[in-house]
Amino acid sequence: MARRRDEERLQTIVDAIKENPNRRPGWLARRLGYDNKTMMRALYQLEDNGELLAEDERGRLSWLRRRQY
């Protein structure tokens, strides 16, 4: 059950990044009701799961694509 909730949270974050490109992780965290630590941990999980994210020099995020294995 915890995994399903984790997967849903990660998908919610991906959707938020897609809908709000070029936003900082802190902004996204506040928007979704997560703390910054949870957001940063989730970003690492997303990359481990194959989501390719881009970060500019100001720390703003954009979703690029899902990695093909």
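In segment 24-39, what residues are over 15 Å from VAL14 (Cβ atoms) and out of contact with any helix residue (DSSP H, G or I) (no Cβ under 6 Å at 6 or more places or on another chain)?
Initially, segment 24-39 is screened for residues over 15 Å from VAL14 (Cβ atoms), giving 24, 26-27, 30, 33, 35-37.
Across segment 24-39, the qualifying residues are ARG24, TRP27, ARG30, GLY33, ASP35, LYS37.
Only one of these conditions is not met by ASN22: (1) open to solvent by less than 50 Å² (accessible area, probe 1.4 Å); (2) at positive phi. Which number is it?
If we test ASN22 against (1) open to solvent by less than 50 Å² (accessible area, probe 1.4 Å); (2) at positive phi, just (1) comes out false.
Take the residues in segment 27-69 that are small (Gly, Ala, Ser) and surrounded by 14 or more Cβ atoms within 10 Å (Cβ to Cβ), then tell me which one is nearest to ARG3 (Cα to Cα).
In this case the residue turns out to be ALA42.
Determine if segment 3-26 includes at least one residue that is free of Cβ contacts under 8 Å to residues at least 24 places away in the same chain and in a strand (DSSP E or B).
Among the residues of segment 3-26, not one is free of Cβ contacts under 8 Å to residues at least 24 places away in the same chain and in a strand (DSSP E or B), which makes the answer no.
The values are calculated or read from the model by the stated rules, or taken from the named source; none is laboratory data. Since we're looking at a predicted model, the values are computed, not measured. Methodologically, a virtual Cβ is constructed for each residue, glycine included, from the backbone with ideal geometry; neighbour enumeration extends over all protein chains shown. Heavy atoms of the whole protein, side chains included, go into the accessibility calculation; ligands, DNA and RNA do not. Shrake-Rupley method; radii C 1.70, N 1.55, O 1.52, S 1.80 Å.
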